[in-house]
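Notes to accompany the following structure.
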Amino acid sequence: MDADDVQRAVWRMAHEIVERNHGLGDVVLVGLQTGGVPLARRLAAALQRIEDVEVPVGTLDVAFYRDDIGLRPVLPEAVTDIPFDLTGLIVVLVDDVLFTGRTIRAALDALTDYGRARAVQLAVMVDRGHRELPIRPDFVGKNLPTRRDEVVDVGADSVELGEMVK
């Protein structure tokens, strides 16, 4: 995907968020560190342009909620910053790439520390398949079937597919 493709995908996902939630009254965005944070901010900017409503944006690091602690080093990516109580709100969890679903499972666990959301929806720029858990995104920029040994890199202005370095 080039810069125009990425922008169109963000714009489309923002419209879908508005449509599904009948506006933005109780909607907040929470971007997963690190790739989901820039996407959450882009979605918030698009939502502002579409509905003239400022949607709160938080950030979430799930390092200590992962189910592979002990199998690999735990390295927090960046700080969690959710400066609002999630109780009763519709949380749109935002990530760059959905792969096995394990990061999203960890994020769902982590979100409960910040209140009981009315609903949690998932927005991703790329869904690459290979799910290991029953997790499905609500809003997808692009479905991109991949091999397990491929890498998807979502940048500010592109989505690149490459080979994993062994």
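The values are calculated or read from the model by the stated rules, or taken from the named source; none is laboratory data. These numbers were taken from a predicted model, which means no experiment stands behind them. Using ideal geometry, Cβ is built from the backbone for each residue, glycine included, and neighbour counts are taken over all protein chains shown.
Which one is nearest to residue 19 (Cα to Cα) among residues in segment 85-132 that are in contact with a Ser or Thr (Cβ under 7 Å, 6 or more places away or on another chain) and surrounded by fewer than 16 Cβ atoms within 10 Å (Cβ to Cβ)?
The selected residue is 116.
Limited to segment 66-82, what total is found for residues that are modelled with pLDDT of 85 or more and either under 24 Å from residue 11 (Cα atoms) or surrounded by 14 or more Cβ atoms within 10 Å (Cβ to Cβ) (or both)?
Selection size over segment 66-82: 3.
Could you go through segment 144-154 and let me know if any residue there is in contact with an Asp or Glu (Cβ under 6 Å, 6 or more places away or on another chain) and not charged (D, E, K, R). I'd like the intermediate steps shown before the answer.
Our first condition is that a residue be in contact with an Asp or Glu (Cβ under 6 Å, 6 or more places away or on another chain); within segment 144-154, this holds for 153-154.
This time we only want the ones that are not charged (D, E, K, R), so: 154.
Yes, segment 144-154 contains at least one residue that is in contact with an Asp or Glu (Cβ under 6 Å, 6 or more places away or on another chain) and not charged (D, E, K, R).
Can you say whether residue 79 is in contact with an Asp or Glu (Cβ under 8 Å, 6 or more places away or on another chain) and more than 26 Å from residue 3 (Cβ to Cβ), as far as the supplied structure shows?
When the stated conditions are applied, residue 79 passes them.
Report, ordered by the first and then the second residue, all pairs with beta carbons closer than 6 Å, sequence separation of six or more or different chains, a first member in segment 107-121 that is in contact (Cβ under 8 Å) with a residue 12 or more places away in the chain, and a second member that is part of a loop (DSSP other than H, G, I, E, B) and surrounded by fewer than 19 Cβ atoms within 10 Å (Cβ to Cβ).
Hits for this filter: 115/85; 115/87; 116/87; 118/88; 121/138.
Go through segment 149-166 and give me each residue that's more than 17 Å from the chain's Cα centre (by Cα), at pLDDT 80 or above and not in a strand (DSSP E or B).
149
If you scan segment 82-110, which residues turn out to be more than 15 Å from residue 56 (Cα to Cα) and aliphatic (A, V, I, L, M)? Let's see the steps before the verdict.
Residues of segment 82-110 that are more than 15 Å from residue 56 (Cα to Cα), as a first pass: 95-110.
Passing the criteria: 97, 98, 104, 106, 107, 108, 110.
Sort out which residues of segment 7-65 are surrounded by 19 or more Cβ atoms within 10 Å (Cβ to Cβ) and charged (D, E, K, R), and write them in order of number.
Correct list: 42, 61.
Residues in segment 95-145 that are closer than 22 Å to residue 27 by Cα and not β-branched (Val, Ile, Thr): how many?
Of the residues in that region, 26 qualify.
Conditions first: (1) modelled with pLDDT under 95; (2) over 23 Å from residue 146 (Cα atoms). Residue 31 passes all but one, so which condition is the exception?
(1)
List the residue pairs whose Cβ atoms are under 9 Å apart, where the first residue sits in segment 11-35 and is on the phi > 0 side of the Ramachandran plot, the second is not hydrophobic (A, V, I, L, M, F, W, C), and the two are 6 or more positions apart or on different chains.
23/51
So, of the residues in segment 139-163 that are touching a helix residue (DSSP H, G or I) at 6+ places or on another chain (Cβ under 7 Å) and not polar (S, T, N, Q), which turns out to be nearest to residue 9 (Cα to Cα)? If you could, list the steps in order and put the result at the bottom.
Just the residues of segment 139-163 that are touching a helix residue (DSSP H, G or I) at 6+ places or on another chain (Cβ under 7 Å), to begin with: 139, 141-142, 156-159.
Okay, now just the ones that are also not polar (S, T, N, Q), so 139, 141-142, 156-157, 159.
Details: 139: 10, 141: 5, 142: 7, 156: 12, 157: 11, 159: 11 Å.
Among those that are touching a helix residue (DSSP H, G or I) at 6+ places or on another chain (Cβ under 7 Å) and not polar (S, T, N, Q), it is 141.
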